[in-house]
Amino acid sequence: MREKVTGHLYLIPVPIDQNDNTSILLSKDKNIVEHLNYFVVENEKTARFHLGALNLHKPINQLHFEVIDQTKTQEDITSYLTPLLEGFDIGLLSESGCPAIADPGSKMVALAHQKNIRVIPMTGPSSIILALMASGLNGQQFKFHGYLPLEKEDRIKKIIAIENESSKYHETQIFIETPYRNQHIFNDLISKLQDKTKLCIALDMSSENEFILTKKIADWKKEVTPDLKNKPCVFLLQG
């Protein structure tokens, strides 16, 4: 008896700016997406928007969508693998940028590997990598921390710890925050980091309002604070 062939899990990037309806896919990747009928997405509304921008040769309402977010259980995500196990390919989309990086889609990818399903990433933008590229900080050694602790006391401890780690290993330390909390993070960084530490603020990546600036903390204290409120931001520091 022939072994049953499983489908492939394609990791499909979308523009970082959620209002951008420009197709960013390479032509070879767009051809693959044309043939997909199953999608697992972080947000169905934005996924439909970005897939619509590709001008697919099929109605969007004929596609099958499953939503993967922080509320989904392991059992939910396991059920999303069913088409793959039946031989159908699936596309995985984040709400912004590349899926599975600081994104719940990583759980789907992990399960796919456990089931020996081939995972194929497509070329696309990551705000984290773009910010590092533009920061002027160490791009040879770096660490991504995701989100810092919610409680202020724990957050301060984490900030001091990663600054010490950066100084010890000469690493760039990268983290992100929920947009409405950006200003609190910035204030903590300015007040707790050493004056010689470099801090990069990367706001609204890939949009017409993009802002990227790297300065020492001593210089940031003299600078007019950029408007961080409700804007996607990547923070990078190097001690």
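The values are calculated or read from the model by the stated rules, or taken from the named source; none is laboratory data. Keep in mind that this is a model prediction, so the values were computed, not measured. Ideal geometry is used to build each Cβ from the backbone, glycine not excepted, and the neighbour counts take in all protein chains shown.
Being over 24 Å from residue 124 (Cβ atoms), surrounded by fewer than 21 Cβ atoms within 10 Å (Cβ to Cβ) and in contact with a His (Cβ under 9 Å, 6 or more places away or on another chain) is a condition met by no residue of the range 179-198. Candidates 105, 124: the one that is under 16 Å from the mean Cα position of the chain (by Cα), buried (at least 20 other Cβ atoms within 10 Å of the Cβ) and more than 17 Å from residue 200 (Cα to Cα) is 105. None of 56, 63, 26 is modelled with pLDDT under 90 and surrounded by fewer than 19 Cβ atoms within 10 Å (Cβ to Cβ) except 56. Might you check whether a residue that is modelled with pLDDT under 95, assigned to a helix (DSSP H, G or I) and among the hydroxyl-bearing types (Ser, Thr, Tyr) occurs anywhere in the range 207-221? Scanning the range 207-221 turns up no residue that is modelled with pLDDT under 95, assigned to a helix (DSSP H, G or I) and among the hydroxyl-bearing types (Ser, Thr, Tyr).
Take the conditions assigned to a strand (DSSP E or B) and touching a Lys or Arg at 6+ places or on another chain (Cβ under 7 Å) and apply them to residue 236. Does it pass? So residue 236 does not fit the description; no. Within the range 1-23, how many residues are modelled with pLDDT of 90 or more and farther than 25 Å from residue 209 by Cα? Number satisfying all stated conditions: 6.
Only residues that are surrounded by fewer than 16 Cβ atoms within 10 Å (Cβ to Cβ), touching a residue at least 24 places away in the same chain (Cβ under 8 Å) and not charged (D, E, K, R) were counted in the range 79-102, giving 3.
Total residues in the range 32-60 satisfying the condition of being in contact with a strand residue (DSSP E or B) (Cβ under 9 Å, 6 or more places away or on another chain) and basic (Lys, Arg): the figure is 1.
The set of residues in the range 185-197 that are out of contact with any helix residue (DSSP H, G or I) (no Cβ under 8 Å at 6 or more places or on another chain) and touching a residue at least 12 places away in the same chain (Cβ under 8 Å) contains only 186. Taking first residues from the range 106-124 that are under 19 Å from residue 87 (Cβ atoms) and partners that are surrounded by fewer than 12 Cβ atoms within 10 Å (Cβ to Cβ) and at pLDDT below 95, the Cβ contacts under 9 Å between residues at least 6 apart in sequence or on separate chains come to 111/74.
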